[in-house]
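S.K.: Sharing a structure, written as structure tokens. Questions coming.
The values are calculated or read from the model by the stated rules, or taken from the named source; none is laboratory data. Just so it is clear, the structure is predicted and the values come from calculations on it, not from any experiment. Positions of Cβ are generated from backbone atoms using ideal geometry, with glycine treated the same way; all protein chains shown enter the neighbour counts. Accessible surface areas use protein heavy atoms only, side chains included; no ligands, DNA or RNA. Shrake-Rupley method; radii C 1.70, N 1.55, O 1.52, S 1.80 Å.
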Amino acid sequence: MGKAEYKGVVIVLGLAAVCAASNLVYAAGDPREMGKYGDEVVDRVVSELNLTAEQRNEVKYESGRHAVKSKELQKALSDKRNELKAELEKPDTDKNAVDRIAQEVAQLQGQIVDERINSILIFKEILTPQQYETFYQRTKEAGERVR
């Protein structure tokens, strides 16, 4: 495996960890008002990681914020893919329109990757290295259980 392929695998694994983390916590609306399910998940994380009250609030907020933003971006991506499909199915397909929509799809995919990376970096700021390692392992295990 070449250096570029290895780097790609590492990035994909990191993104998978963030996906698993966002599966642990789901919020609708204001991230500060996650509701009972989100509070239960955060309470489990807090107890296992021995988070301070400030860390708990930051984890709760970031988890909710990330879930809401990810949901918005996934919806926009789905809509844009449908738009692309509709354009491609036209008998008189406009190549310029296809190119424009394809660029918008790529931009949304990039925003999704950026959001996942940003969330990882925020969690790394909130948690100590040891807490983050435990958090990473738990989200990785959760992702494996989902598959």
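S.K.: Looking at D99, D92 in this structure, which one is of a type in the set (D, E), farther than 24 Å from Y61 by Cβ and not in a helix (DSSP H, G or I)?
M.R.: Selected residue: D92, the only one of D99, D92 that is of a type in the set (D, E), farther than 24 Å from Y61 by Cβ and not in a helix (DSSP H, G or I).
S.K.: OK, next. State whether one or more residues within segment 15-24 are open to solvent by less than 100 Å² (accessible area, probe 1.4 Å), at pLDDT below 50, not aromatic (F, W, Y) and not in a helix (DSSP H, G or I).
M.R.: no
S.K.: Something else about it: So which of E115, E104 ends up being in contact (Cβ under 8 Å) with a residue 40 or more places away in the chain, assigned to a helix (DSSP H, G or I) and not β-branched (V, I, T)?
M.R.: E115
S.K.: Moving on. Pairs only if they're at least six apart or on different chains, beta carbon under 7 angstrom, first in segment 63-92 and closer than 18 Å to E104 by Cα, second open to solvent by 30 Å² or more (accessible area, probe 1.4 Å) and of a type in the set (S, T, N, Q); list them, first residue then second.
M.R.: Short answer, once both residue conditions are applied: S70/S22; L73/Q111; L77/Q109; E87/T93.
S.K.: Only one of these conditions is not met by N50: (1) at pLDDT 85 or above; (2) in contact with a helix residue (DSSP H, G or I) (Cβ under 8 Å, 6 or more places away or on another chain); (3) farther than 18 Å from R138 by Cα. Which number is it?
M.R.: So the condition that N50 fails would be (3).
S.K.: In segment 68-78, is there at least one residue being farther than 30 Å from L49 by Cβ, among the hydrophobic types (A, V, I, L, M, F, W, C) and part of a helix (DSSP H, G or I)?
M.R.: So far as segment 68-78 goes, yes, one or more of its residues are farther than 30 Å from L49 by Cβ, among the hydrophobic types (A, V, I, L, M, F, W, C) and part of a helix (DSSP H, G or I).
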